[in-house]
Amino acid sequence: MVQLPKVTIYTDGSCEPNPGPGGWAAILLTPDQQEIQLSGGEAQTTNNRMELTAAIQALQSVANPSEIILFTDSQYLQKGITEWLPNWIKRNWRASSGPVANQDLWKALVELKGKHTIQWQWTRAHVGTKYNEKADKLASQAMQKYKK
């Protein structure tokens, strides 16, 4: 059995006001402990879209199938991908309150998660976790580029 490379990812999204200008960031720690930083943003978006975009961009940047631990401080992302997604798919992308929001991004995540073995870990925000704090700062900086 082939051993997959292990990659650790920290993601974060930022939006102020929400909705409004937003930023996303991801920090990837490669098997040789290289640190790769990714970030970007949009002029008009939501915090949830930025959280999902951070995960999508991070996973897209991992070229080969890998064993990934992805840390997020977004319960929307973590619970969505681990708990809610199967029912959304079963119900043809409908939640109890109506159509699932951000379907385009959720569908992109579904495709990407099939390529890797991923553990989706929630981490509390703003408690001093080094790479979570770093991702938060990068997302905020990216968001500033879209503020008028």
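Rank Pro65, Trp122, Gln78 by how far each Cα sits towards the positive end of the charge dipole of the chain (+1 on Lys, Arg Cβ; -1 on Asp, Glu Cβ) and give me just the farthest.
The one lying farthest along the dipole's positive direction is Gln78.
Where nothing but the Cβ of Lys and Arg (+1) and of Asp and Glu (-1) is charged, how large is the charge dipole of the chain around its Cα centre, in debye to the nearest 20?
320 debye
If you take the beta carbon distance between Gln37 and Trp84 as r and set R0 to 30 Å, what does 1/(1 + (r/R0)^6) give as a FRET efficiency, to the nearest 0.05?
Once the sixth-power term is evaluated, E becomes 0.55.
I need to check one value: relative contact order of the chain, counting alpha carbon pairs closer than 8 Å and at least 6 residues apart, in percent.
Result for the chain is 35 percent.
Towards the positive end of the charge dipole of the chain, with charges on Cβ (+1 Lys, Arg; -1 Asp, Glu), say which of Cys15, Met50, Ala95 has the farthest Cα.
Final value for the positive-end residue is Ala95.
According to a simple spin-label model (label point 7 Å from Cα along Cα-to-Cβ), what is the distance in nm between Asn18 and Asp104?
2.0 nm
Less than 11 Å Cβ to Cβ from Trp88, Lys/Arg counted +1 and Asp/Glu -1: what total charge do the surrounding residues give?
Details: positive: Lys90, Arg91, Arg94, Lys107; negative: Glu83.
With Lys, Arg at +1 and Asp, Glu at -1, the net is +3.
For Gln60, project a label point 7 Å along Cα to C-beta. Then give me every residue of the range 18-50 with its amide nitrogen under 14 Å of that point.
24-26, 38-42, 50
What is the distance, in nm, between label points placed 7 Å from the Cα along the Cα-to-Cβ direction at Lys137 and at Val2?
3.7 nm
For the chain, what proportion of DSSP beta bridges, expressed in % and rounded to the nearest 5, is antiparallel?
60 percent
Please report Asp12, Asp73, Asp32 as a ranked list, fewest other C-beta atoms within 10 angstrom at the top and most at the bottom.
The most exposed by this proxy come first: Asp32, Asp73, Asp12.
Quick check: net charge around Tyr76, other residues with Cβ under 14 Å of its Cβ, Lys/Arg +1 and Asp/Glu -1?
-2
What list do you get for Arg91, Arg49, Arg124 if you sort them by fewest beta carbons within 10 Å? Can you show the working numbers first?
Numbers: Arg91 12, Arg49 21, Arg124 9.
Fewest to most other Cβ atoms nearby, the residues stand as Arg124, Arg91, Arg49.
For the range 6-144, take the alpha-carbon Rg, divide it by the Kirkwood Rh, and send me Rg/Rh.
Taking Rh as the inverse mean 1/r over Cα pairs, Rg/Rh reads 0.96.
Using the 10 angstrom Cβ neighbour count as an exposure proxy, how do Leu77, Leu85 rank, fewest first?
Fewest to most other Cβ atoms nearby, the residues stand as Leu85, Leu77.
Which ³J(HN,Hα) values in Hz, rounded to whole numbers, follow from the phi angles of the range 64-74 under the Karplus curve 6.51 cos²θ - 1.76 cosθ + 1.60, where θ = phi - 60° and Gly and Pro get x?
9, x, 9, 9, 10, 10, 10, 9, 9, 9, 9
All of the numbers you see were taken from the coordinates with simple rules; none came from a lab. As the structure is a computational prediction, the values presented were derived from the model and not from experiment. Glycine gets a Cβ as well: all are built from the backbone with ideal geometry, and neighbour counts include every protein chain shown.
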